[in-house]
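**Q** Have a look at the structure that comes next, please.
What follows is calculated from the coordinates using simple rules that are stated; it is not laboratory data. Just so you know, these numbers come straight off a predicted model, no measurement behind them. No Cβ is skipped: glycine too gets one built from the backbone with ideal geometry, and neighbour counts run over all protein chains shown.
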Amino acid sequence: MPVIKTDLFKKADIRIAEIARVLAHPARIAILRELVRRNECVCGQIVDVIPLAQSTVSQHLKELKKIGMIRGEIDGPRSCYCIDGKKMSELAALLGDFLQTVSSDCQDKKC
């Protein structure tokens, strides 16, 4: 039976990689900042702030939603998005633990 390469890694490491992939685009960071600032937002309002086409912003929102950073509801022709606070806390803890481990392990290295 073939081994799927991701099965060779810890679940936490796979999750961190997923988060990093999604956060790797500055438009997604800008979208998250705008959602935090507004506390809730309609897609059209995000497009007014992010210098990208509506369809491109929608794709970025889809990626953020897929990993759980945001929630979205469709209300007729409008789509409302907001930060998922509980999920963001979980993701922050996961990333924080990783960065703390790496940082403290590097303190002892001479390289």
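**Q** Within the range 86-100, track down each residue that is surrounded by fewer than 15 Cβ atoms within 10 Å (Cβ to Cβ) and within 12 Å of the chain's Cα centre (by Cα).
**A** Correct list: 87, 89, 90, 92.
**Q** Picking from 12, 24, 20, which residue would you name as being within 25 Å of residue 89 (Cα to Cα), surrounded by fewer than 16 Cβ atoms within 10 Å (Cβ to Cβ), out of contact with any helix residue (DSSP H, G or I) (no Cβ under 9 Å at 6 or more places or on another chain) and of a type in the set (Gly, Ala, Ser)?
**A** On the way: 12 fails: out of contact with any helix residue (DSSP H, G or I) (no Cβ under 9 Å at 6 or more places or on another chain); 20 fails: out of contact with any helix residue (DSSP H, G or I) (no Cβ under 9 Å at 6 or more places or on another chain).
Of the residues listed, the single one that is within 25 Å of residue 89 (Cα to Cα), surrounded by fewer than 16 Cβ atoms within 10 Å (Cβ to Cβ), out of contact with any helix residue (DSSP H, G or I) (no Cβ under 9 Å at 6 or more places or on another chain) and of a type in the set (Gly, Ala, Ser) is 24.
**Q** Please go through the range 26-80 and pick out each residue that is within 21 Å of residue 15 (Cα to Cα), part of a helix (DSSP H, G or I) and among the basic types (Lys, Arg).
**A** Once the filter is applied, which keeps residues that are within 21 Å of residue 15 (Cα to Cα), part of a helix (DSSP H, G or I) and among the basic types (Lys, Arg), the range 26-80 yields 28, 62, 65, 66.
**Q** Another question, if that's okay. Answer yes or no as to whether residue 37 is of a type outside the set (A, V, I, L, M) and in contact with a His (Cβ under 6 Å, 6 or more places away or on another chain). Break it down into steps so the answer makes sense when it comes.
**A** Details: of a type outside the set (A, V, I, L, M): yes; in contact with a His (Cβ under 6 Å, 6 or more places away or on another chain): no.
Answer is no for this residue.
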